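Only the coordinates and a few stated rules stand behind these numbers; no lab work does. Since the model is a prediction, treat every value here as computed from it, not as a measurement. We place every Cβ from the backbone using ideal geometry, glycine too, and count neighbours over all the protein chains shown.
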Amino acid sequence: MKPAPFKYIAATSLEHALALKAEYGDEAKFLAGGQSLMPAMNFRLAQPAILIDINRIDGLGTIRLHDGGGARVGALTRYRTLERDPGFAGMFPLIAEALPHIAHPQIRNRGTIGGNLSHADPASELPAIAVALGARFHIRAAKRQRWCDAADFFVGGLTTDLQPDEMLVEVELPSPEPRTGACFMEIARRRGDFAIVGIAVTITLGRLDDCAGVRLALCGVGETPIDASSAAGVLLGRALTEDAVRDVAACVQNMIDPSGSVHATADYQRHVAGVLTERALQTAYQRARDGH
């Protein structure tokens, strides 16, 4: 397959790229890693008239760790860069655990965090992780800028809150609280495939090993990443028991509405979501107790 004809422009600066997007709007697409866009163009599922290459823009592929905790990650940062940065992996073990599940090394060498989040595939891991971590997105246009919480960014299948003249330029990740454990798990047909069901969990413990905070998000079971943190609210102020974990898993199963696919029925997805919820909660809780 070959893409439909398009005009290619290599942006020389962020201002140049945003000016082009303001001029062409929905007719233009940004080219970063191209791992989602180019296949869509080859199958003519996407037919942009203008392709704006942003790979030459300085400063969009950096990771900045804050002295007080937290980080800001440029939208052009490759998955592989995140994998190989020990400081980042140590600060955000949830992301470090999930990265090997994303596609294959060849794709992670080119794929970018901004491109993945802007593509908003509901089966993708990073959107759910961003929701679980309480990330914020820095969004810019030629004449304005704003911040958007990850929970508000994903509005539908392959659809985000980005306006036709805007670009996601940076992801802000807050520092995990002390005594926080994290876990990412997923089920896929083959390693590197999109998840049939994936789950991201963080648990913060109090002085008596009670749950002081719980965040839980799923991918692959809805049109957007599902923030299921409310289902885990029963754990707050309590120690993690088997009965409590089963209650959370049952609540998660009731709140999701998976559509099923050629790879898994909706009933199977719902069942797996419950199983992964139990396992991920138990693992995150133990890691929080062990200080991992």
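Key figures
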item: Note, ³J(HN,Hα) from phi for region 62-67, Karplus 6.51, -1.76, 1.60, rounded to Hz, x at Gly and Pro; result: 10, 10, 10, 8, 7, 4
item: Estimated 222 nm signal from helices in the chain, with DSSP H stretches of n ≥ 4 weighted -39500 (n - 2.57), rounded to 500; result: -9500 deg cm²/dmol
item: Volume per residue that the Cα convex hull of region 180-290 spans, once the total is divided by residue count, Å³; result: 88 Å³
item: Hydrodynamic radius (Kirkwood) for region 63-173, which is based on Cα pairs only, to one decimal in Å; result: 14.2 Å
item: Kirkwood Rh and Cα Rg combined as Rg over Rh, evaluated for the chain; result: 0.98
item: Hits among aspartates and glutamates - C-alpha to C-alpha of Lys21 under 12 Å, sequence gap 8 or more where chains match; result: Asp53, Asp165, Glu166
item: Candidates Ala142, Ala98, Ala200, ranked by Gaussian network fluctuation over the chain, Cα under 10 Å, top entry; result: Ala142
item: Distance in nm between pseudo-label sites at Glu223 and Lys2 (7 Å out along the Cβ direction from Cα); result: 3.6 nm
item: Bins of 10 Å, starting at 0 and running to the largest distance - Cα pair percent for region 7-53; result: 29, 56, 15, 0
item: Which of Pro178, Phe6, Phe153, positive extreme of dipole for the chain (C-beta unit charges); result: Phe6
